[in-house]
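J.: Handing you a structure now.
Every number in this text was worked out from the coordinates using simple rules, so none of it is lab data. Bear in mind the structure is a predicted one, so any value in this text is a computation, not a measurement. Ideal geometry is used to build each Cβ from the backbone, glycine not excepted, and the neighbour counts take in all protein chains shown.
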């Protein structure tokens, strides 16, 4: 077969390259803190249908209206989301527009959830298969994103919003006005 | 005392490995005597085999001593303190011996030593010089890893003063799976070192041919069977223990076991071409080197702490650097030897593209591409990290890249056994493939009409049916009692791939997931089941306490109870989820208990996974096929040997 002599050295050369990369990786331990890759990125295009009667679904265009929004990824089956609800209601009274993405939820459960814990949302989109959640770079619920008037993500908050987080999030929204 | 005896045995084994290497090297340099002259020199080469056997026994003694130290909860030994606790059930003390960095490395070299010993005892066909070179290579590898244990990961290190009790074992590892999964996987993972040493030996003596391939084949097959079983068992273990309902996570460590399997699978097929048709010489040698290199790279990735994972017990860059140097030595050395020597190995037979050989070459190339993709996907984050870019690569990448290539591979795999050696006609092959192709389209049409699945699951299920039909096709029109066992082995292994693929595709196409916060007494739908939360009770185990949910799952008129637990371990303090799984003929109901909320509701995760069990059943079939093939070849050889003896008598 047409195997040239020099080609036999290719595996060794590939291994040498691999060795160098791994050696550098070993000497320079990677920064293991997880940073959001979505900051500064526009929200991906999406259109989620409505799930709560009388409340519109959510699409990307609704986040490009010129005013900043807080996008909250949540679910009725998620218990930290209950803990977070009072803080969302407070943000609402502070004048922050809040949009919801309900992940893998059922309409009846969701309605009961909103009745019990309050409903801070202007829109709630039905993300049946977590597709939009994943495209936003969110790996769990609850998670919240501050999006500026052009639909660019400026802040990602992983986990429930605690009492001490409210001011920082409100400030981030205000800063974008 | 036991720890000291173990350490002594380990040093002794290392010394024997050094001796084995030196004797093998001297033996190979020995000049042949001129024709007719009597060779009166002492033949030291005869020492290589016994030394290899004793070396294997010594390292086995060291492993046994470590297990003894764990069973006796000797809290003056550092690894016991760090990874065990006297209140632990005995099975986890026993298996805990390898549930830590040092112990698992000792298990690694134990299997390496035993594999070398097994070659010394059982290998009778290989040319004497090549065998000595092989055992020399095996000793060379062992020596480096003994040094690694003795100088940077001593499992028998003592601590003074001894603490009152140990810190305990990672609760995720406190499962009977720990007793079986690591040894099984390691037998395959490290057993493939024999193929590496064979390749190095054959390169040194320039003896690559059908005889070499026939000698190497059972070792590759044996290691591959265990690797298959180890991966299958590990996948099921992760599935039920981690409580995520997934069976493969593309975790770097899983990839580290998959890569040698891919290479070994390719090797298994190319070695057959070399043994029967005397083709693919250089390629087979290359694959043998690559297969064990992947094992060593995997070991490095896991043990260096360069990646974070359940399997990475200790993070210590010094250990990583040590293994990296060993890797450079062994893999670099073998590849350099390959480059320098393989050109002098006479080219083997050539063959037509449309032939059994051609299909096997395609199989090899596709397996290699998958291997390359997995390797790049696993190492890319490290490479990017070296340049200050932070990223992670997960299931979406691997599913999209590996999935399509694997499906092409499946199509070729279906046709392969139906193609003749040397030369065949494309239209004849298509004619032989009529039924498999019909089965594929029939299933595809059914899925298209009645279901709504993604593209990959759709193709997966359709091709799995076609492959299943094609796998048994070699048995059509044959006398089944006269069909060689080796053929049955191939049929069953290929059928196993079809079964496993069907399970994977069915899981991703039809799984129904339900997440609820449920009250006691509230019914919840999960696939064909209605699950009711009957109550929550506290339970206490040997070294844990738990909240246990009582679920009654009703389907039609039958009701079954399930009891998933949220467990809390005291040593070390950890919470784990113990899923409860109901297995039926058509799938599994997988239940996990989560957190309570303030007004008496409990978080439940319920999955209905149709035919998911086929994944592991298929894995077991693949291994069974390998075993049949191994036994079949062994019997065939004995028959041939008996016939030869009869002819001489």
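J.: Can you give the log10 of the normalised intensity I(q)/I(0) at q = 0.16 Å⁻¹, computed with Debye over equal Cα scatterers of segment B:355-458?
T.: The calculated log intensity ratios at q = 0.16 Å⁻¹ are -0.86.
J.: OK, next. Residues of B:425-438, mean number of Cβ from any other protein chain within 10 Å of their own Cβ, rounded to a whole number? Each step should come with its number before you reach the end.
T.: On the way: counts 0, 0, 0, 0, 0, 0, 0, 0, 0, 0, 0, 0, 0, 0.
The mean count of partner-chain Cβ atoms within 10 Å per residue comes to 0.
J.: Would you order B:63, B:490 from fewest to most other beta-carbon atoms within 10 Å of each residue's own beta-carbon? Present the calculation step by step, with values, prior to reporting the outcome.
T.: On the way: B:63 24, B:490 20.
Final ranking by Cβ density, sparse to dense: B:490, B:63.
J.: Give, to the nearest whole percent, the P(r) tail of segment B:175-271 beyond 24 angstrom, counting all Cα pairs.
T.: Numbers: 1386 of 4656 pairs.
When every Cα pair of segment B:175-271 is considered, 30 percent fall beyond 24 Å.
J.: Per the Debye formula with a single identical scatterer at each Cα and no solvent contribution, what log10 I(q)/I(0) holds for chain B at q = 0.05, 0.08, 0.09 Å⁻¹?
T.: One equal scatterer on each Cα of chain B leads to -0.26, -0.66, -0.84.
J.: What is the packing order of peptides B:80-89, B:395-404, taking the mean over residues of other C-beta atoms within 10 Å and listing the highest first? Could the numbers behind the result be given before it?
T.: Working: B:80-89: 20.7, B:395-404: 15.0.
The peptides rank, most packed first, as B:80-89, B:395-404.
J.: Follow-up question, since we're still on this one. State the Cα centre-to-centre distance between segment B:577-611 and segment A:89-159 in whole Å.
T.: Between the Cα centres of segment B:577-611 and segment A:89-159 lies a distance of 26 Å.
J.: Continuing with the same structure: Any chance you could give the angle, 0 to 90 degrees and rounded to 10, that helix A:166-175 forms with the longest Cα principal axis of chain A?
T.: 80
J.: If packing is taken as the mean number of other Cβ atoms within 10 Å per residue, what is the order of B:238-249, B:431-442, B:135-146, highest first? Write down the numbers at each step before the final one.
T.: Working: B:238-249: 19.0, B:431-442: 16.4, B:135-146: 25.6.
Top of the packing list down: B:135-146, B:238-249, B:431-442.
J.: Ranked from highest to lowest mean number of other Cβ atoms within 10 Å per residue, what is the order of the peptides A:125-134, A:141-150? Show your work: numbers first, answer last.
T.: On the way: A:125-134: 18.7, A:141-150: 21.6.
For the peptides A:125-134, A:141-150, the packing ranking is A:141-150, A:125-134.
J.: On to the next question. Provide Rg and Dmax in Å for segment B:239-421, with only Cα atoms included in the calculation.
T.: In Å, with Rg to one decimal and Dmax whole: 18.4, 54.
J.: Which three lengths, in whole Å and largest first, does segment B:513-610 cover when its Cα atoms are put on their principal axes?
T.: The Cα atoms of segment B:513-610 stretch 42, 32, 20 Å along their principal axes.
J.: Find the relative contact order for segment B:89-206 and round it to a whole percent, using C-alpha pairs within less than 8 Å whose residues are 6+ positions apart.
T.: Values: 90 pairs, mean separation 59.9, N = 118.
Relative CO of segment B:89-206 lands at 51 percent.
J.: So for segment B:57-108, what are the equivalent ellipsoid semi-axes in whole Å, largest first, each being the square root of 5 times an eigenvalue of the Cα gyration tensor?
T.: Details: eigenvalues 58, 23, 19 Å².
That gives 17, 11, 10 Å for the three semi-axes.
J.: Tell me, what is the percent relative contact order of chain B, built from C-alpha pairs under 8 Å that lie six or more residues apart?
T.: Numbers: 1175 pairs, mean separation 73.5, N = 649.
This gives 11 percent for chain B.
J.: Rounded, prolate or oblate for segment A:47-174? Axes are the square roots of the Cα gyration tensor eigenvalues, ordered a ≥ b ≥ c, and the cut-off for rounded is a/c under 1.5. Working shown, then result.
T.: Details: a/c = 1.40, a/b = 1.14, b/c = 1.23.
It comes out rounded by the Cα gyration axes.
J.: Can you give me the relative contact order of chain A as a percent, contacts being Cα pairs under 8 Å and 6 or more apart? Before the final figure, lay out each step's value.
T.: Values: 299 pairs, mean separation 50.9, N = 177.
Contact order relative to length: 29 percent.
J.: If you don't mind, there's one more thing I want to ask. Based on the Cα atoms of the protein assembly as shown, what semi-axes does the equivalent ellipsoid have, where each is the square root of 5 times one gyration tensor eigenvalue, given in whole Å with the largest first? Each step should come with its number before you reach the end.
T.: On the way: eigenvalues 528, 219, 141 Å².
Taking √(5λ) for each Cα gyration eigenvalue gives 51, 33, 27 Å.
J.: At a 10 Å Cβ-Cβ cut-off, how would you order B:412, B:111, fewest neighbours first?
T.: Working: B:412 17, B:111 26.
Fewest-to-most ranking of B:412, B:111: B:412, B:111.
J.: Now for a different question. How would B:337, B:66, B:126 line up from fewest to most surrounding beta-carbon atoms within 10 angstrom?
T.: On the way: B:337 18, B:66 28, B:126 22.
The most exposed by this proxy come first: B:337, B:126, B:66.
J.: On a 0 to 90° scale, report how tilted helix A:107-117 is relative to the longest principal axis of chain A, with both axes built from alpha carbons and the result rounded to the nearest 10.
T.: With both axes taken from Cα atoms, the answer is about 70 degrees.
J.: So if each residue of separation counts as 0.36 nm, and I subtract the Cα-Cα distance between residue B:157 and residue B:336, what length gain in nm does that give?
T.: Values: separation 179, 0.36 × 179 = 64.44 nm, distance 3.72 nm.
Computed gain between residue B:157 and residue B:336 is 60.7 nm.
J.: Next question, about the same structure. For peptide A:10-23, what's the mean number of Cβ atoms from other chains within 10 Å of each residue's Cβ? Before the final figure, lay out each step's value.
T.: Numbers: counts 2, 10, 10, 2, 2, 11, 4, 1, 9, 6, 2, 8, 13, 6.
Mean shielding count: 6.
J.: Moving on to the next point. Calculate the mean, over all residues of peptide B:320-328, of how many other protein chain Cβ atoms lie within 10 angstrom of the residue's Cβ. Intermediate values should be presented prior to the final figure.
T.: Working: counts 6, 3, 0, 1, 5, 2, 0, 4, 5.
That average works out to 3.
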